[in-house]
Amino acid sequence: MNKITQLQKLIDNAQRIVVMTGAGFSTASKIPDFRSDNGLYMDDSQPLAPEAILSHHFFIANPKTFYKFYLEKMVYPDALPNIGHKKLVEIEESGKKITIITQNIDGLHQKAGSTNVVELHGSVFRNYCMKCHKFYSLDEVLTQYNLIPKCHECGGMIKPDVVLYEEELDNTAIDQAIKAIISCDLLLIIGSSMVVNPARTLPYYYRGHNMVIINLTETPLDGLANLIIRERSEIVLEQIKIRKE
Ligand code: CNA
C-alpha cells in the first residue's frame, strides 16, 4: 500500500485527530520557514541571527531593530491559507473532532476556517501594551511602521503577543495541547523540524500507534512515527479525500 493510501485509511478510521503544524505548513502560502534551505536562518544578510533578534531581552533593549526585523521578516498580513489549511477545515466540517496545535504565528488556520486551534507561540494579529494591557490589532501596529509602536492611552510600548526566545509558553495552551494529544487516536505532525522546545516534547504524550510525520526533511521524532512521508504537505493533503461522517 502506498503512503498516501495508508494516510487516507488512517484519516478515514480516526475520530479524534490532532494535527501539529509548523512553519513548513505555511511555506505554500509564501511565508518562509526558519530551517529550510531558503529559510530565515540561512539568510546571512542580517548581522544578527534571528534567534538573537527574536529574544525577549533584545526586544526590550533594542525595540526599534526588533520591530524592523519582525515586521519585515515575520509578519505577512496578506498571506492566504493554502490547500493544506483548507483540507484541515474539510476534516472538521466532516464531523471528526480535530484539534490543531500550531507553532505558527500567522493566523492562517483561523483564516481558513478552523475553529479549534491551539496557538503555542501566539499570533502576530494580537498585540498589547506592556503597561496597561490595552489590546492592539496588527493593523494598528502597522500604522506605526518604522517607529516603536506605543499605546495611545498610556504611552507604554506595544508587544506582539508572540512567544519570543527566553519567554515561557502560555500554560493554558500547553494544557489544551497535552489533553488533546493524550486523547486522540491519530496524531499528524506536519511541516515542523520539531527541534523547538517545548513543542518538540508534546508528541511523547501520545499513547496510540498512529503517529504520522509529513515533513520534507528528517526530524528527531522520526523514530517515534508509524508513518513518515517526506513530501510537501500541501501536495500530500491535496490527494486526501474527506468523506462526510
Ligand atoms: P522550522 O524549524 O523552520 O521547520 C520547518 C520544517 O518544515 C523543515 O523541517 C522543512 O523541511 C519543512 N518544510 C518546509 N516546507 C514544507 C512543506 N511544504 N511540506 C512539508 N514540510 C515542509 O519551523 P518550526 O515550525 O519547526 O519551528 C518553530 C518556530 C518557527 C516557531 O517558533 C514559529 O513561530 C516559527 N515560524 C513561524 C512561521 C509562521 O507562522 N508561518 C514562519 C517562520 C517561522
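The values are calculated or read from the model by the stated rules, or taken from the named source; none is laboratory data. Computed from a predicted model, the values in this text were never measured in an experiment. All Cβ positions, glycine included, derive from the backbone under ideal geometry; neighbour counts span all protein chains shown. Accessible surface is based on the protein model in full, side chains and every heavy atom, while ligands, DNA and RNA are left aside. Shrake-Rupley method; radii C 1.70, N 1.55, O 1.52, S 1.80 Å.
For the pair Phe135 and Glu153 in one chain, pulling the backbone fully straight at 0.36 nm per residue adds 5.4 nm over the alpha carbon distance. Counting charges near Ile4 (Lys, Arg +1; Asp, Glu -1) among other residues having Cβ under 12 Å from its Cβ returns a value of +1. Amide H contacts for Asn127 (H built 1.01 Å from N in the peptide plane; partners 5 or more residues away or on another chain; cut-off under 5 Å): Tyr136, Asp161. Counting only DSSP beta bridges with both residues in the chain, the antiparallel share comes to about 30 percent. Protein heavy-atom accessible surface, 1.4 Å probe, per residue over the stretch 90-245: 49 Å². Measuring with a 1.4 angstrom probe and ignoring ligands and nucleic acids, Asp175 comes out at about 80 Å² accessible. Taking Cα atoms only, the orientation of helix 63-73 departs from the longest principal axis of the chain by about 40 degrees. Available extension along the chain between Ala79 and Arg230 is 51.9 nm, counting 0.36 nm per residue and deducting the alpha carbon span. Say R0 is 22 Å: what FRET efficiency, to the nearest 0.05, do Asp44 and Thr143 get from their beta-carbon distance? Using R0 = 22 Å, I get an efficiency of 0.10. For Ile229, the residues 5 or more places off, or on other chains, whose built amide H falls under 5 Å of its own are Ile213, Ile214, Asn215. 3J(HN,Hα) along the stretch 75-84, derived from phi through the Karplus expression 6.51 cos²θ - 1.76 cosθ + 1.60 where θ = phi - 60°, amounts to 10, 10, x, 9, 5, 10, x, 9, 4, x Hz, with x in place of Gly and Pro. Relative to the longest principal axis of the Cα atoms of the chain, the long axis of helix 171-182 lies at roughly 10 degrees. Summary of packing: across the peptides 9-17, 148-156, the per-residue average of other C-beta atoms within 10 Å ranks them, highest first, as 9-17, 148-156. Taking each of Lys30/Lys86; Lys30/Lys68; Lys3/Lys111; Lys64/Lys150; Lys9/Lys30; Lys86/Lys159 in turn, the alpha-carbon distance tops 22 angstrom for Lys3/Lys111; Lys9/Lys30; Lys86/Lys159. In units of the rule-of-thumb radius 2.2 N^0.38 Å, the stretch 83-176 shows an alpha carbon radius of gyration of 1.26. Given R0 = 41 Å, the distance between the Cβ atoms of Thr65 and Tyr204 translates into a calculated FRET efficiency of 0.65. What a 1.4 Å probe finds exposed on the chain is 51% carbon and sulfur by accessible area, rounded to a whole percent.
For the chain, the orientation-averaged shadow of the C-alpha convex hull comes to 13.2 nm² (one quarter of the hull surface).
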